[in-house]
1. Just to be sure, is ASP188 modelled with pLDDT of 90 or more, in a helix (DSSP H, G or I) and more than 18 Å from LYS31 (Cα to Cα)?
2. Before we move on, is ILE167 crowded, with 19+ Cβ neighbours inside 10 Å, closer than 26 Å to LEU431 by Cβ and under 29 Å from the mean Cα position of the chain (by Cα)?
3. State all residues of the range 241-262 that are assigned to a loop (DSSP other than H, G, I, E, B) and in contact (Cβ under 8 Å) with a residue 40 or more places away in the chain; if no residue qualifies, say none.
4. Which condition number does GLN112 fail, the rest of (1) outside any strand (DSSP E or B); (2) modelled with pLDDT of 95 or more being met?
5. Restricting attention to the range 251-267, which residues are over 18 Å from SER334 (Cβ atoms) and surrounded by 15 or more Cβ atoms within 10 Å (Cβ to Cβ)?
6. With the requirement that a residue be crowded, with 21+ Cβ neighbours inside 10 Å and part of a strand (DSSP E or B), what does the range 54-68 give you?
7. Which residues, taken from the range 74-112, are surrounded by fewer than 16 Cβ atoms within 10 Å (Cβ to Cβ) and either more than 19 Å from ALA34 (Cα to Cα) or among the polar types (S, T, N, Q) (or both)?
8. Provide a single number: the residues in the range 129-145 that are of a type in the set (Ser, Thr, Tyr), crowded, with 23+ Cβ neighbours inside 10 Å and not in a helix (DSSP H, G or I).
Amino acid sequence: MGELKAYPEYKNSGFEWVGDVPTDWQYTKLKRIASVELSNIDKKSRENEIDVLLCNYVDVYYNDIITSELSFMQATAKQTQINKFKLKREDVLITKDSETADDIGVPAWVEQDMENVICGYHLAQIRSSRYLIGKFLFYMLASTTLNSQLHSLANGVTRFGISKGDIENSIYLIPDVKTQKAIINFLDSRTSQIDALISDKERLIKLLEEKRQAIITETVTKGLDPNVKMKDSGNGWIGEVPEHWGVGKIKYFSEMKTGATPSRNNLDYWEGGTINWMSSGEINQEYIYHVNNKITELGFKSSSTSLLPINTVMIALNGQGKTKGKAAILKVKSTCNQSLVGFICDGKNLHYLYLYYFLKSKYRDIRGLVGDGLRDGISLGLLKTLYISLPSYDEQVKIVKEIVSQEQDILKTIEIIKEQISKLKEYRESLIYEAVTGKIDVRDYATERQETY
């Protein structure tokens, strides 16, 4: 880190969010050093158009670098659109509309010319001039501080967007091209090192999560005695169980309740609400101590939703991504929407934590009952047919205590690793900001190493 010194002289940039900058750096509007085009090419395929591959919103949002190795969506476009929006090396693509203002201006850098890949809808394509290297612009936009000007210009209520004019008139700091190259080389090297460390830690988290799941599955399947004699449960869903365990339908040992959504068009059902109302996405918390929405007493009475007690075991009937089939535990009284089902255990034959861990162990099986497609929802009727393996209540308590003990150790380790990842990301962000605003002078970095850019 010894080479990370300051520039010899600085001047006031005139922008509070940038502060002082090297005296020979210039700041200018983007339109003076780059061209901006907003794509209007959607994902539909039309007759009499040419087959193309479409780089779309998610390709940019989830990738810093756009390469030919990505799995692009197939679509069609007119020849004029292809000529205008086909991707070229050094193009920078940014998100131009999204559900939140903070997701406006997310950048990705195009690594190579791509004759058959074009920029898709919801994106802006920025092509730099001889005064600006595209990857330097990418790093400027990757700095949250510099990118925040795009967030502030975004307009909308339920969906936010930014105009071509606002993008063109955004302000950027521009050193000479030689300095840009030095900064790119420095950041390429340092961020790749940081990214490798982050990837290693994320892989470790994945392994710990797999270990956690294996402990849960093994314990709710066989109990605490590794040498216990097993028997065929007589139910393919369950498989073998310890010889002294029973089997029964979950509905026999719990009350199952689903929810509903009061009309969104009636503000009297929502404004000033005091009754918790849980949505399906919140099931990803696993232990639900807080929900984002509340309904009024009138809204509660107007719908068929139920007020569920603390320790109700929740399961999602549908939802995007991994939501469908996930289980969670309510730690506050709450109502819920129609895409959730709550199991209120009887507390005599079925312990709520044992049911939670059992459902967690059967996550993939539950999803497999209806298929993994987003439209394939689980029904309440289907859940009523599910069986559970049942040790005695006392043994359930012992099983739960053992799982909780081992799970807590794993979760503490995961939390420590997540904090380390967060600090690495903060350091990465800080390094980019300091380099692209001239807070650190990295020009010697390029001369000490073979220049790669």
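The values are calculated or read from the model by the stated rules, or taken from the named source; none is laboratory data. Note that the structure is a prediction, hence the values are computed from the model and not measured. When we count neighbours, we look across all protein chains shown, and the Cβ atoms used for this are built from the backbone with ideal geometry, even at glycine.
1. Judged against the criteria, ASP188 is a match.
2. For ILE167, the condition - crowded, with 19+ Cβ neighbours inside 10 Å, closer than 26 Å to LEU431 by Cβ and under 29 Å from the mean Cα position of the chain (by Cα) - is met.
3. If the condition is that a residue be assigned to a loop (DSSP other than H, G, I, E, B) and in contact (Cβ under 8 Å) with a residue 40 or more places away in the chain, then HIS244, TRP245, PHE253, GLY259, ALA260, THR261, PRO262 are the ones that fit.
4. The failed condition is (2).
5. LYS251, PHE253
6. Selection gives LEU54, CYS55, ILE66.
7. Listed by number, the residues that qualify are GLN74, LYS78, GLN79, THR80, ASN83, GLU99, THR100, ASP102, ASP103, GLN112.
8. So the count comes out to 0.
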